[in-house]
Amino acid sequence: MLMVKFGYFWSVIIVFLMAFLLWLNFSNSLEYVKIRKYPTITPSSNVTCKNFLTQKDAQDFFTANGGPGIDKYNLDGDKDGKVCESLP
């Protein structure tokens, strides 16, 4: 009976450890996940409107990376919420 309880204890520990490692892996790669749709952009890139073919692509990227509240790439020059307005 003791062996069954002991085995259950370690299986629970292993499950929690695996869940923690998965969470840790995904939490560290969130930046990459946000921009992997755009192959010319890496986390250290200097992103400009030239990186996008259409305004919709730029807008989607802008929204996925914080939107108007966090414009870390300064894509929205006039701060109206629309980026790269010169693109088709």
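The values are calculated or read from the model by the stated rules, or taken from the named source; none is laboratory data. Given the structure is predicted, the values throughout are model-derived calculations rather than measurements. Here Cβ is always computed from backbone atoms with ideal geometry, including for glycine, and neighbour counts include all displayed protein chains.
State yes or no: is residue 41 over 15 Å from the mean Cα position of the chain (by Cα) and at pLDDT 60 or above? First the steps, then the outcome.
Details: over 15 Å from the mean Cα position of the chain (by Cα): no; at pLDDT 60 or above: yes.
In short, no.
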Select from the stretch 64-88 the residues that are at negative phi, surrounded by 13 or more Cβ atoms within 10 Å (Cβ to Cβ) and not in a loop (DSSP other than H, G, I, E, B) and list them in ascending order. 64, 68
Here the residues within the stretch 46-63 that are among the polar types (S, T, N, Q) and either under 15 Å from residue 88 (Cβ atoms) or buried (at least 16 other Cβ atoms within 10 Å of the Cβ) (or both) are 51, 54, 55, 59
Under 9 Å by Cβ, and 6 or more places apart or on different chains, what pairs join a residue from the stretch 67-88 that is under 9 Å from residue 55 (Cα atoms) with one that is in a loop (DSSP other than H, G, I, E, B) and of a type in the set (Val, Ile, Thr)? 84/48; 84/54; 87/54; 88/54
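Regarding residue 14, is this residue at pLDDT below 60 and hydrophobic (A, V, I, L, M, F, W, C)?
On the way: at pLDDT below 60: no; hydrophobic (A, V, I, L, M, F, W, C): yes.
So residue 14 does not fit the description; no.
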